[in-house]
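Colleague: My questions all concern the structure below.
Values quoted throughout were computed directly from the atomic coordinates according to the rules given, and no laboratory measurement underlies them. Computed from a predicted structure; not experimentally measured. Heads up, the Cβs are rebuilt from the backbone with ideal geometry, glycines too, and the neighbour counts pull from every protein chain shown.
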Amino acid sequence: MGLERTLSIIKPDATKKNVIGKILSRFEEAGLKLIAVSMKTLSPEEAGEFYAVHRARPFYGELVDYMTTGPVVISVLEGHDAIATNRKLMGATDPKKADKGTIRADFAESINANAVHGSDSAENAANEIKFFFPELSR
Ligand code: IDP
Ligand code: MG
């Protein structure tokens, strides 16, 4: 793949731990460029709509509640193969299963409070970027 964009969210557990800078550095060190950044606390409506693809999953309610417990840092990362590069930096969903040296292995608390979100496909990346940064999607 060529130049791509992906959406990243540093989740409430990680902002609370004061590791925003450390996580953003990993993106930059991997060659991903931050082209938009926003820090905010998500409303239940925003979190619910953002994670609507998971509505049918048993953890949906817990996930939406958790995502509103504190500020998050939402960013658009751009670079070569950005979607897969970011997923690789993140590590597995369950931090206990995440490879050594990944963001989740180093900073996540649990399978729910797992430090970061990253788009998983080009289609979802486009939708997620549009959701938080509509001005980038014209
Ligand atoms: P991903 O973030 O690695 O792409 P997904 O399967 O898309 O993982 O799940 C979205 C988010 O839902 C996860 O990042 C995590 O916060 C939460 N989650 C996933 N599986 C579970 C679970 O089994 N229990 C509680 N929360 C979960
Ligand atoms: Mg996912």
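Colleague: Hey, which of these cross-link pairs are over 20 Å Cα-Cα: 11/96; 33/96; 17/40; 17/96? Don't skip to the answer; put the middle values down first.
Modeller: Values: 11/96 17 Å; 33/96 28 Å; 17/40 16 Å; 17/96 18 Å.
Cα-Cα > 20 Å for 33/96; rest within.
Colleague: What's the exposure ranking of 100, 11, going from fewest to most Cβ atoms within 10 Å? Could the numbers behind the result be given before it?
Modeller: Numbers: 100 7, 11 26.
Fewest to most other Cβ atoms nearby, the residues stand as 100, 11.
Colleague: Out of region 1-73, which chymotrypsin sites (Phe, Trp or Tyr not before Pro) are coil in DSSP terms and have no more than 14 other C-beta atoms within 10 Å? Write out the running numbers ahead of the final one.
Modeller: Values: sites: 27, 50, 51, 59, 60, 66; in loops: 51, 59.
Those that pass, being in a loop and sparsely packed, are 59.
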